[in-house]
Amino acid sequence: MANKNFPVWAAIGGKCPRCGRGKLFDGFLELAPRCDACGLDYSFADAGDGPAVFVTLLAGFVVVALALWLEVAYEPPLWVYVAIFFPLTIAICLGLLRPLKGFMVAAQYHHKAEEGRLKD
């Protein structure tokens, strides 16, 4: 029996959601035209702004919570916030954007999502 979560874990790792071997990305965030191992055409995939929205909300929650804790606990000067939270925000956003985009593509593949069409 095949693992139902296989496409998700493969795509989070940047691999093809069908075979788990070929590259999903051609560059940092741009999808490859097709899998170089099994030939799956990635033209069905359109993650849109979904990954960016989720990453922004998650990063904002983490950074604001830590900044509030730091303010209440230590009351540091403003430069400390810039020195800590600017790089942390960039690291969280860049670290999560690619895996979440891979997850969205795998979910579209797994659920056979396609563009909506009107009936004639």
- Note on the structure: Residue span residue 37 to residue 93: 0.36 nm per residue of separation minus Cα-Cα distance leaves a gain in nm of 17.2 nm
- What is the sum of charges around residue 35, taking Lys and Arg as +1, Asp and Glu as -1, for the other residues whose C-beta is under 10 Å from the C-beta of residue 35? +3
- Cα centre as origin, Lys/Arg/Asp/Glu Cβ charges: segment 59-120 dipole, Debye: 340
- Query: How big is the gap, in Å, between the Cα center of segment 21-47 and the Cα center of segment 80-120?
  - Reply: 15
- Message: Counting only helical runs of four or more DSSP H residues, what would the 222 nm mean residue ellipticity of the chain come to if each run contributes -39,500 (n - 2.57) and the total is spread over all its residues?
- Response: -19000 deg cm²/dmol
- Task: In whole Å, largest first, what are the principal axis extents of the Cα atoms in segment 6-110?
- Result: 56, 21, 21
- Message: For a Förster distance of 35 Å, can you work out the FRET efficiency between the beta-carbons of residue 6 and residue 85, rounded to the nearest 0.05?
- Response: 0.45
- Query: Tell me, what HN-Hα J-couplings in whole Hz come from the Karplus equation 6.51 cos²θ - 1.76 cosθ + 1.60 at θ = phi - 60° for each residue of segment 74-91, using x for Gly and Pro?
  - Reply: 10, 6, x, x, 4, 5, 5, 4, 5, 5, 8, 8, 5, x, 5, 5, 4, 5
- segment 6-110: relative contact order in percent, alpha carbon pairs under 8 Å with at least 6 residues between: 38
- Rounding to the nearest 20 debye, state how big the charge dipole of the chain is about its Cα centre with +1 on each Lys and Arg Cβ and -1 on each Asp and Glu Cβ. 580
- Nitroxide proxy distance, nm - points 7 Å out along Cα→Cβ at residue 52 and residue 28: 1.3
- Task: Go through 98-110, 12-24, 69-81 and give me the packing order, highest mean Cβ count within 10 Å leading.
- Result: 98-110, 12-24, 69-81
- Message: Given points 7 Å out from each Cα along the Cα-Cβ axis, report the residue 78 to residue 21 separation in nanometres with one decimal.
- Response: 5.7
- Would you work out which of 92, 70, 47 lies farthest towards the positive end of the dipole of segment 6-110? Charges go on Cβ: Lys and Arg +1, Asp and Glu -1. 47
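No lab work stands behind these numbers, since they all come straight from the coordinates. Everything quoted here is computed from the prediction, not taken from an experiment. All Cβ positions, glycine included, derive from the backbone under ideal geometry; neighbour counts span all protein chains shown.
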